[in-house]
Every structure is written in C-alpha cells, then in structure tokens.
Amino acid sequence: MKKIILHAALALALSMNCYAEGIQEEVVESLATAQRFTNDGNYKKAIEEINYALAKINELTATGLLKFIPTPPEGYTLIHKQSRGIGGVASLAGTAGATAEYSHIDGGTISLHIAIGGVTGKMASIAALGSLFAGLTQETGVGQTRQIRIQGYTGTDFFNSNDQTGTLSFQIGDKTSVTFEGTAIQSSAILKNLAKSFDFAGLEKNY
C-alpha cells in the first residue's frame, strides 16, 4: 500500500506544470528516497521525506499562483508580487498563497491575497457569513457591507467611507479565497475593477 501511495505521489509530481525545475527535481529525489526508506522498513524517515516533498509541491503550487496576478488598474503601479508554499501537512495558514501590492501616486494602495487551504483559504466564506448580519447595524458613512457578483462569482464588498478603506473577497470552491484590500481609496469601485480582470475561472479550474 505504501508503495502505491509513493508511486502515485511521484506521478503527481512529474505531471505538474513546473515553474521551478530545480524544485521539481528535489520532489522527485525526495520521493525516491522515501521509497528506499520504506523498502528498508524505516517508516519514520520515509514520512519525513514525504512531508518534505509535499512542502516542495506546495512551493510549486504557490509559484503557479503568480500567473493569476492581474496587471495594475489605471493609475496604479505593481510594487511587488510573491508566492509562498507552507509546510507539508495541513496548516491553519493554508498550504500555498500569493500576494501582490499596487500603489497610486496619490498614496492609495491595493493589496491582493490568494490563499489555498487552511483557514485563510476559507476567509471569504467567513466574510460572507459576517455580511449576513452586517446590514442590521450599518449606518451611513460608516462601514457598508454587501454581496456582489463579478464574472459569475459572489463577493463580499466592504467599504468604510470614514477611513477610506475597503475589502472585496471571493470564495472560489471550498479551499481557495481571493481578497482585494484598498487603503486611501474613494470607493470600492477600484477593487471591483481589479476583480473584473482577475481570472477566477482559471484559478478554480487549476486549483
């Protein structure tokens, strides 16, 4: 049974769309080492190698997320983007993610967060649940929360006109969330415009 699992994991690693060939080689080598440890009956070391391989696969997954970072909206500049794979086992922080930050000459900023797995991969669902009750206490000029639809996906839109901050979050499937956060923005319209250029369907299909 253990051999079957190892062979399946190896096949998965080899079939992945690899963005970092060196990392893929590490995955293959680590799984091969795990199989040798399994054959020798050293299951503790085999598990260590498998967990290491899973961590590297998460790195590959995170690297692949970078292609979903959209181009900056008009007037904004992409300051940085980065990916992060997290561990080889279930994590509260999720298993993979990517972030990007855009800035405007007038001081406004937009942050984009893509999270897969863990609690962060379900943050949009939590935000949507909160929005069900938000309408009961909303006041004009304070925080306004509502549900919107973009490209066939439901998002939770929050904007605070007092401090000019906003958040727009989407739950894609059961384990993936996409969140846009803005500061020093006049409305949440800029977040919606950026969301309209995001490939939600591609993200759902591949992850």
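The values are calculated or read from the model by the stated rules, or taken from the named source; none is laboratory data. Quick caveat, the model's predicted, so the values are computed rather than measured. Note: ideal-geometry Cβ built from the backbone for every residue, glycine included; neighbour counts use all protein chains shown.
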Taking the conditions exactly as written (at pLDDT 75 or above and over 22 Å from ASN206 (Cα atoms)), does LYS45 satisfy them or not? yes
With the condition being at pLDDT 90 or above and among the small types (Gly, Ala, Ser), I'd like the strands (runs of 3 or more DSSP E) fully within the range 61-153 carrying at least 3 qualifying residues. 96-104
When every residue in the range 165-177 that is farther than 15 Å from SER197 by Cα and surrounded by 15 or more Cβ atoms within 10 Å (Cβ to Cβ) is compared, the one modelled with the lowest pLDDT is LYS175
Just to verify a result, which residue in the range 53-69, among those that are closer than 16 Å to LEU112 by Cα and out of contact with any helix residue (DSSP H, G or I) (no Cβ under 6 Å at 6 or more places or on another chain), is surrounded by the most Cβ atoms within 10 Å (Cβ to Cβ)? LEU65
